[in-house]
Structures are given as structure tokens and as C-alpha cells.
Amino acid sequence: MSLNKSLLFALFGLLATLAVGQAERVRYDNYRLYKANSANEAQLAVLKDLEGSSDSILFLDGVHIVGKDVQMVVAPHKVPDLLDLLGRAEIKYELQSKDFQKSMDEVDEKVAIKGRVGMTGRADDQYNWEQYYELEDTYTWMIQLARDYPHVVTLIEGGKTYQRRSILGVKISKSLSEKPGIFLEAGIHAREWISPAASTFIINQLLTSEVDSIKELADNYNWYVFPHANPDGYVYTHTTNRLWRKTRTPYGSCFGADPNRNWGFHWNEAGASDSACSETYAGPEAFSEIETYSLSQYIASIKDKIQLYISLHSYSQYLLYPYGHTNELPDNVKDFEQVFDAAIAAVSQRYNTRYTGGNVYDAIYPAAGSSTDWAYGTQDVRMTFCYELRPSSNSILTGFRLPAEQIIPASEELLDSIVAMATEVKALGYFDK
Ligand code: 0X9
Ligand code: ZN
């Protein structure tokens, strides 16, 4: 072989390695999906121990409550050990899928083809809500909005990520006069793709809708919207592992902390883990993650301008309010209940979609260190809510992968709900602060 040729081969090999290193996707071929259920504290402890110790088992739910189902995606080599452990602890379980990859492939999510947005300027190339987008596409769209609506849309930055990406947001403000503020945070959990998609739907509606109730929302409030509170995680769900949840900070042999367990209010007191391999790792300390730290600094800088804070997650169709670290109720719980009732009545109006919920600790599970608890507990934002969007809790195989044709209906009903929420929050006087 000539020198040139062998050099070429070497180069090709190097490029191939680089490409593989960057782009190879995690697959779940022959992984099994099990559902287990603990009958007592001892059994719960066995499941908890597994959750923090093995990344051959991906827990799709938190392990916090006796009697609550937990879904586990189990690597083939780990199946015998797991069944042995469950058997010895007499924990009840059921096989849900023999091949998790195949089950996932049966659901076509529809993802935007990279580089399509704005490439030709054709109408069907426009950013839309019939598909999911990559981070870059949404950022490009937001930057264009600031150009298209120079007196209304301002780009804001909630800091940088571990991998030095920008946490980009938009402020929507229709006039310079003082107005109450609504903060909308989405995408803090990377795999919950409906959350950023719904947030950009809302941005678009606030800017373009002719519907009176939506025009009022746009006219009467300043909006601060961050579609991607965890950009590194979101990029990783596109390039590598669709089911990634956390940030991408390396911690020993595992990666990432749970950015919704990392905020500095009763941090790590309940429903969070000390193990870096856990999906609910609280991090080594409060605000260890640059994403939560820098976004919290931004929020603190405008805290007097925000009266309502909304965090978007999926899935299960819940609406939640503080607290996550204790079953004690917030002092204005009566007001929370009143707003909650109006908001969940409104969410079902259009498509009969049923939401439930209440205070985090009782309605779902203990979960300390969330953004909404921090905003309520330390920033004096007196109305903070968390939506768990579609699908419902029994849609195990769709779960975080809500088909794209549901982005619009899920977002429409969410906006109906937020209209009702804002109306109620206003009636209670919270926007007068
Ligand atoms: O566990 C979570 O962080 C949320 N559920 S999810 O399935 N999206 O991970 C619930 C968080 C609710 N807690 C607060 N927002 N306080
Ligand atoms: Zn979430």
C-alpha cells in the first residue's frame, strides 16, 4: 500500500472513531421492561437500593412510596440477578415488554430533520408544532423572533451549561409599562420532549393569536420563557440516549444530577438520592449544577417582577403545587386549591383530558429541591405550579415519547388551563404585588 493510501486509511479510521464516539445511539435491544410493586418498607428499601446502585436498570419512576408501581428497563445480562433479588425479597413483578427497543420503535415520535428550519424559506419548512426539534433549531427560531418582533421579544440568558451551551429564553413584553410577570420554565428534564414543545407553542400563541383570552394574556403580563432549562441533557437525548433525564456533569463512573432535585430549598431532604448513578441524584450540594445555579441567579435578579411561576414536565397529567420536601401545606394552600380547581377544570374542556394532582408530597411522591419549591420558598413567588403533561400515567410505552401529532392538542389544553390559572391568580390579588 502506498504511503498516501495508508495515510488515507488511517485518517478514515480516525474519522470513523470520532463519528462513532459522538453519534452512536444507545439502543435497548432485548432489554426487558418490568413493573414491580413493593408491599412494605423492607421491599421498598430493596428497590431503592437497586435504583441507586445499578445503571443496568433504568428506573422510569422514582422509588419513594410503598405500593406504587415502578417501571424498570433492564439490561439482558442483569435480568437473572434482578429476578433473583425480587424473588428473594418476595417483591411482586410483571413483565411488560420482552424487547424495550421494539416497543419503543412501535411509537413513531416524528423528529425534525436536522437543518430543515428556515433553509429554503418554504412554508412547510417553517418552525411548527407537528414535530419535535433539536435544540439548535429552537434557538434559531427564538433568535429570529427577536428580529421579527423587536419591540416585543427580547432574548434573555439564564446562564450557561456544563458543556458551555447557552440557556436561552425570551421575554415577551407588549408595552414598557409595569406589568405583572409570569415565568415559564420547560425542559429541565431532558427526555420530557413535550415540555419544550408546549412552551414554544405558548410563545407563538402569545405573539400571534387572535383569540381574546390569549391576547389578554399577552397584553397584560410580561412573560419570561425558557424552553430548555437543561440544554446539554436535551442534546444528549437527540444524539445518544432518548431516555436521558439529568444534566451531563460527570460524577465518577456516572453522569449528571437531577436538575429538579438540585435547588437550594430543603435540598436533598426527601425523595432524592445521594448516588450519582441514580435518576434522582440531588448532586453533591445544592446548586452544584451550573444550569440550576445560573438560572436561579437570573430568577433572583427579577424575582420582584414575577408573581406566577410555571414549570412544565411530563408525564402523568398532574398539576402540582408546593411542597415536595414535606407533607406540610403552604400557608396559602386555600388559594392554591382554588387556582388548581380552575386550572384542571379548564384543561379538560377542549379534549376531555383528565388531570389530577395537589401538593407534590401527597399527590405524587416526596421530591425536595425542585425549582418551583425554591421559587416559592425563597424568592417570595407566591404562586408556583408544576404541570406533568400528556400522556396519562398508564401510557407506559409512550411515556416520555408522546407522538408529535399530540403536541398541538396537549399544548392547546395547557394554554386553556393557563388562561384559567391566570384569571384565578388575578382574582385572588396575587398580581397586585
Ligand atoms: O420528579 C420530578 O421531578 C417530577 N416528575 S417527573 O416525572 N417529570 O420527573 C415531579 C416534580 C414535582 N415537584 C415539584 N415541581 N415541586
Ligand atoms: Zn420531569
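The values are calculated or read from the model by the stated rules, or taken from the named source; none is laboratory data. Keep in mind the model is a prediction, meaning the values are calculated, not measured. Ideal geometry is used to build each Cβ from the backbone, glycine not excepted, and the neighbour counts take in all protein chains shown. With ligands, DNA and RNA removed, areas are computed over all heavy atoms of the protein, side chains included. Shrake-Rupley method; radii C 1.70, N 1.55, O 1.52, S 1.80 Å.
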What is the distance in Å between the Cα centres of region 187-244 and region 356-433? 13 Å
Regression test value, accessible area per residue of the chain, probe 1.4 Å, units Å², expected 43 Å²
Cysteines without a disulfide-compatible partner [the chain; Cβ-Cβ under 4.7 Å]: 386
For region 141-148, take each phi angle, set θ = phi - 60°, evaluate the Karplus expression 6.51 cos²θ - 1.76 cosθ + 1.60, and give the result in whole Hz per residue in order, putting x for glycine and proline. 4, 5, 5, 5, 4, 4, 6, 6
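In debye, nearest 20, what is the charge dipole magnitude of region 135-432 about its Cα centre with +1 on Lys and Arg Cβ and -1 on Asp and Glu Cβ, if you could check?
Values: 23 positive and 35 negative charges, 151 e Å.
The calculated dipole for region 135-432 is roughly 720 debye.
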Using the Karplus equation 6.51 cos²θ - 1.76 cosθ + 1.60 (θ = phi - 60°), what ³J(HN,Hα) coupling, rounded to whole Hz, does each residue of region 308-316 give in order, writing x for Gly and Pro? 9, 10, 10, 10, 9, 9, 8, 10, 2
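Can you give me the % of accessible surface on region 135-432 that is carbon or sulfur? Probe 1.4 Å, all protein chains present, nothing else counted. Working shown, then result.
Working: 4890 of 10380 Å².
With neighbouring chains kept in place, the figure for region 135-432 is 47 percent.
Place the peptides 160-166, 198-204, 104-110, 409-415 in order of packing, highest mean first, counting for every residue the other Cβ atoms within 10 Å and averaging per peptide.
Values: 160-166: 16.1, 198-204: 23.6, 104-110: 13.4, 409-415: 21.9.
Output ranking for 160-166, 198-204, 104-110, 409-415: 198-204, 409-415, 160-166, 104-110.
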Using a 1.4 Å probe on the protein heavy atoms only, what accessible surface does residue 305 show? Give it in Å² to the nearest 10. 100 Å²
For region 197-318, size of Cβ-based charge dipole, Lys and Arg +1, Asp and Glu -1, in debye: 240 debye
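Local charge sum around residue 217 (other residues, Cβ-Cβ under 12 Å, Lys/Arg +1, Asp/Glu -1)? Could you put the intermediate results ahead of the total?
Values: positive: 174, 179, 215, 426; negative: 212, 216, 219, 416.
Taking every Cβ under 12 Å from that of residue 217, the sum is 0.
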From the square roots a ≥ b ≥ c of the eigenvalues of the alpha-carbon gyration tensor of region 135-432, which class results: rounded (a/c under 1.5), prolate (a/b over b/c), or oblate? rounded
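Show me the ranking of peptides 169-176, 146-153 by mean Cβ neighbours inside 10 Å, starting with the highest. Numbers along the way, then the final one.
Values: 169-176: 18.2, 146-153: 13.4.
Going by the mean number of other Cβ atoms within 10 Å, highest first, we get 169-176, 146-153.
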Can you give me the solvent accessible area of residue 316 with a 1.4 Å probe, rounded to the nearest 10 Å²? 20 Å²
Quick one: 3J(HN,Hα) in Hz for region 59-69, Karplus 6.51/-1.76/1.60 with θ = phi - 60°, rounded, Gly and Pro as x. 8, 8, 10, x, 10, 10, 10, 4, x, 8, 4
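Could you work out the relative contact order of the chain, using alpha carbon pairs under 8 angstrom and six or more residues apart, expressed as a whole percent? The partial results should precede the final answer.
Values: 873 pairs, mean separation 69.9, N = 433.
Computed value for the chain: 16 percent relative contact order.
Would you mind telling me the antiparallel percentage of the DSSP bridges in the chain, rounded to 5? Could you put the intermediate results ahead of the total?
Values: 28 of 52 bridges.
If we restrict to bridges inside the chain, about 55 percent are antiparallel.
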Go through 316, 64, 151 and say which Cα lies farthest out towards the positive end of the charge dipole of the chain; charges sit on Cβ, +1 for Lys and Arg, -1 for Asp and Glu. 151
Computed over region 166-323: relative contact order in percent, which uses C-alpha pairs under 8 Å that are six or more apart: 29 percent
Around residue 160, which amide H atoms from residues at least 5 apart in sequence, or from another chain, sit under 5 Å from its own amide H, with H modelled in the peptide plane? 167
Skipping prolines and chain starts, which residues have an amide H placed within reach, meaning under 5 Å, of the one on residue 357, given they are 5 or more residues away or on another chain? 319
Residue 314 accessible area, assembled protein chains, probe 1.4 Å, Å²: 0 Å²
Interchain or sequence-distant (5+) residues whose placed amide H lies within less than 5 Å of the amide H of residue 96 are 33, 34, 35
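Highest first, please rank the peptides 212-220, 47-55 by the mean number of other Cβ atoms sitting within 10 Å of their residues. Don't skip to the end; give the middle numbers.
Numbers: 212-220: 15.1, 47-55: 18.7.
In descending order of packing, they fall as 47-55, 212-220.
Any number yet on Rg/Rh for region 32-98, C-alpha, Kirkwood?
Working: Rg = 10.4 Å, Rh = 11.6 Å.
A ratio of 0.90.
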